[in-house]
Amino acid sequence: MKPLPQIVKSPKLQLLVDGEPFLILGLQWDCNSCYSEIEMMPLFEEAKKLGCNTAVTPLYWESIEPEFGQYDFTTVDRRIEVCRKLGLRLVLLWFGGYKNAECCYAPSYIRNDHKTYQKVIRPDGSIQDKTLCPNGEAALERDQLAFKQLCRHLREVDEERTVILIQVENETGIIDTPRCYCPKCNEIFAQQEWLKEYGTRADEAFAAWSLSRYVDRVALAGKEEYPLPIYVNAALGGYPAQRPGRDYFSGGPITRWLSIWQKFASNIDFISPDIYMSSYPVFNRICSEFKIEGNPLYIAETSTDLYGRAEKNVFYAIGLHGAIGFDPWAIDRSFPSWFDPPLVRRYDLHWAPRALDLRDSYIAIGSALKQVALAAGTPRLVTFVEEEGDRGDSFSLGGYEWRVIYPLTDGGRGMLIDEGEGKFILLGTNFMIQPFTPAPDVEPVPVIKLERGHFEKDKWICHAKVTREVGRGERPIRVEEGQAFIIQLGKF
């Protein structure tokens, strides 16, 4: 039996799959694309063609429990089956009691019975009937039981470890009010010194405490059956001039409340941002905010619209920040610009042009997946990405000086990994690169060997020898169409 996927620190935080370092090059399905095989199934093969190695698909509580206490895992089994056939891994998104701060994917008996399954109460005593009270026990017990049944089923049917992660709930939070003001919540709130510790943020802090405990208990119920790594995702917010519950989901695992979530959701393995602000300064800032002690960075969602930059930001996330995975939303839906063409159109599987850009990034990184996973976020790996107006880049690595030249397409991106003794792994697309001796001479370095190919774990598979195309080092190495190379440089 294969080992369970796990998060380890050796020395940095990594995801191990089948006992090997692994990077998730993911694509997520639209929120409503997994109700039927008609829409869901054809997209798996397209994801594979796009260079994706992991399919990330919503799983609806109302679908696996269509009647009270009756469970149906047919749709789960079909996903596992097709992923095994295509060589993909699978991440399941549990749309349980919370999805975008609502219970809209819970069974109808949960959604419609406000007395048994308590919903949020506003300060004036009125009911906000879209969101569960996080301190209500009845809905929590049903959520726990359904998730427990799911994990038990996975334990029984997935000895191949096709499913490698589960996201429990989705973008948790409270809307329309900072917290629930029901009698039970008010009683708990009064028993602790929330106002003294958090001041004007007390209600929001209480919501974070309540939600983290709810999610933790659901996660624990599943792990008792099958201890896969479990994570939560964060709908970002809480910035200046924003109101909790109005302008963003109150109490979710945003930057401000990461300490509360880490403390009270100990059964959650990591907390992941949904980053839809795609400019590279903002993207990199948010990545840095979630790279806190004990929390591996995983980009749970990111934009796929015309300005989403997923093909570039995956290099920043993995190469610069050492992320364990990258998961754009969605293969079949554009966001936040809803009406941009999706990466893959559902009805005829037509690819948008920018799908080719993401494919080149995924193919390049996937060609040296384990090697990137080991080196990412360390001084052994340098990432470079062409931004508007850039003509090139330069850096030192492995005792050599390197000069990168962009062809002014606004699309160059790559990684260079130092393997020691003049050996390097180069990957990416749309750039040229050339090695030099250090200053003051700065002379071209002879290229002893240059091969294009890919790794299968530790084994290099050569596709072509291309040393002659770059002479003995006097001409740059050209990288295009999502390629990977082994370079052996001469001594100086």
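We did not get these values from a lab; they are worked out from the coordinates using the rules stated. These figures come from a predicted structure and were not determined experimentally. Note: ideal-geometry Cβ built from the backbone for every residue, glycine included; neighbour counts use all protein chains shown.
DSSP loop (so not H, G, I, E, B), at most 11 other Cβ within 10 Å: list which GluC sites (Glu not before Pro) in region 390-439 pass both filters.
Numbers: sites: Glu401, Glu419, Glu421; in loops: Glu421.
Answer by residue number: Glu421.
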At the level of C-alpha centres, the distance separating region 102-142 and region 406-455, in angstrom, is 57
Two pseudo-spin positions, 7 Å from Cα along C-beta at Asn186 and at Lys2, lie apart in nanometres by 5.3
Val82 neighbourhood, Cβ < 11 Å, K/R = +1, D/E = -1, net charge +1
Cross-link reach from Lys99 to lysines, straight Cα distance under 17 Å and at least 8 residues apart if same chain, gives Lys119, Lys130
Per residue, the convex hull enclosing the alpha carbons of region 272-426 has a volume in Å³ of 117
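222 nm [θ] for the chain, helices only, -39500 (n - 2.57) per DSSP H run of 4+, per residue, to 500? All intermediate terms of the calculation are to be shown ahead of the outcome.
Numbers: 14 runs with 136 residues, N = 492.
Value at 222 nm, helices only: -8000 deg cm²/dmol.
Antiparallel versus total DSSP beta bridges in the chain: what percent is that, nearest 5?
On the way: 58 of 90 bridges.
Percent antiparallel among DSSP bridges in the chain is about 65.
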Hull surface over four for the Cα convex hull of region 7-140, reported in nm², is 11.0
Of all C-alpha pairs within region 381-489, those more than 20 angstrom apart amount in percent to 35
Ranked from fewest to most other Cβ atoms within 10 Å of their own Cβ, Val120, Val157 fall in the order Val157, Val120
For the pair Glu197 and Glu421, the simple spin-label estimate (label points 7 Å beyond Cα toward Cβ) gives in nm 5.5
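What is the packing order of peptides 383-396, 20-33, taking the mean over residues of other C-beta atoms within 10 Å and listing the highest first?
The peptides rank, most packed first, as 20-33, 383-396.
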Each label sits 7 Å from Cα toward the beta-carbon; between Arg122 and Glu159 the label points are separated, in nm, by 5.6
Rounded to the nearest whole number, the per residue volume of the convex hull around the C-alpha atoms of region 197-266 in Å³ is 82
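What's the extension gain from Lys12 to Ser266 if we count 0.36 nm per residue and subtract their Cα-Cα distance?
Working: separation 254, 0.36 × 254 = 91.44 nm, distance 1.96 nm.
Extra length from Lys12 to Ser266 when fully extended: 89.5 nm.
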Classified through the alpha carbon gyration tensor (a ≥ b ≥ c as square roots of its eigenvalues; rounded if a/c is under 1.5, else prolate when a/b is larger than b/c, else oblate), region 228-304 comes out oblate
So for R0 = 22 Å, FRET eff. of Glu81-Arg152 from the Cβ-Cβ r, to 0.05, ends up at 0.70
Using alpha carbon centers only, region 290-309 is separated from region 319-364 by a whole-angstrom value of 14
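Working out 0.36 nm times the residue gap between Lys457 and Lys370, then minus their Cα-Cα distance, what length gain in nm do you get to one decimal?
Values: separation 87, 0.36 × 87 = 31.32 nm, distance 0.59 nm.
Contour length minus the Cα-Cα distance gives 30.7 nm.
Cβ neighbours within 10 Å, averaged per peptide: list 410-417, 5-12, 164-171 in order, most packed at the top. Don't skip to the end; give the middle numbers.
Working: 410-417: 23.0, 5-12: 13.1, 164-171: 25.1.
Going from most to least packed, we get 164-171, 410-417, 5-12.
Determine, from the Cβ-Cβ distance of Glu289 and Arg246 and an R0 of 30 Å, the FRET efficiency 1/(1 + (r/R0)^6), rounded to the nearest 0.05.
Values: r = 22 Å, r/R0 = 0.74.
Between Glu289 and Arg246 the formula returns 0.85.
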